[in-house]
1. Taking only the C-alpha atoms, wrap a convex hull around segment 3-77 and report its volume per residue in Å³ as a whole number.
2. Could you calculate the FRET efficiency of Ile31 with Met62 from 1/(1 + (r/R0)^6), where r is the beta carbon distance between them and R0 is 22 Å, rounded to 0.05?
3. Which chymotrypsin sites (Phe, Trp or Tyr not before Pro) in segment 1-72 sit in a loop by DSSP (not H, G, I, E or B) and have at most 15 other Cβ atoms within 10 Å of their own Cβ?
4. Count the net charge of all other residues whose Cβ sits under 13 Å from the Cβ of Leu25, scoring Lys and Arg as +1 and Asp and Glu as -1.
Amino acid sequence: MVEGKVFWYALQSAREEGLMLLAFLLSVYGIIRAQGFETADIIVWNIVLLVQAIPYLAAVIMSLISAFSRLSAKKLITRITAHPVSVVSGIDPGGDAQPAEEKERKEFL
């Protein structure tokens, strides 16, 4: 499968769950927009809708994880991680290595 299509394939496999998630979130938004947070029952109703949306969010996330697991691990890891930075920066000509923080602190003082 082409790498650019992996994301869309994942969303397509969880299409119904994504639409249900969108429906829950839009209903919460609509209730807040129309009613606000004036009474406790509105707050409770919004919390209930958000709790009901959790399994649909989990299904979409798991679908994305499943789709990206088809990529090679090395390629995926190199995309999402930064290059490692050495802890010891530079060695003095005298041969003693100092961490960068100590050098900066000495230069600052």
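1. Numbers: hull volume 7.4 nm³, N = 75.
Each residue corresponds to 98 Å³ of Cα convex hull volume.
2. Values: r = 28 Å, r/R0 = 1.26.
Result of the calculation: an efficiency of 0.20.
3. On the way: sites: Phe7, Trp8, Tyr9, Phe24, Tyr29, Phe37, Trp45, Tyr56, Phe68; in loops: Phe37.
Counting only loop positions with at most 15 other Cβ atoms within 10 Å, the chymotrypsin sites (Phe, Trp or Tyr not before Pro) in segment 1-72 are Phe37.
4. Values: positive: Arg33; negative: Glu17.
Its environment carries a net charge of 0.
Bear in mind these aren't lab numbers, they're just calculated from the coordinates by the rules spelled out. All values reported here derive from a predicted model rather than from experimental measurement. Counting neighbours? That spans all protein chains shown, and the Cβs are built from the backbone with ideal geometry, glycine included.
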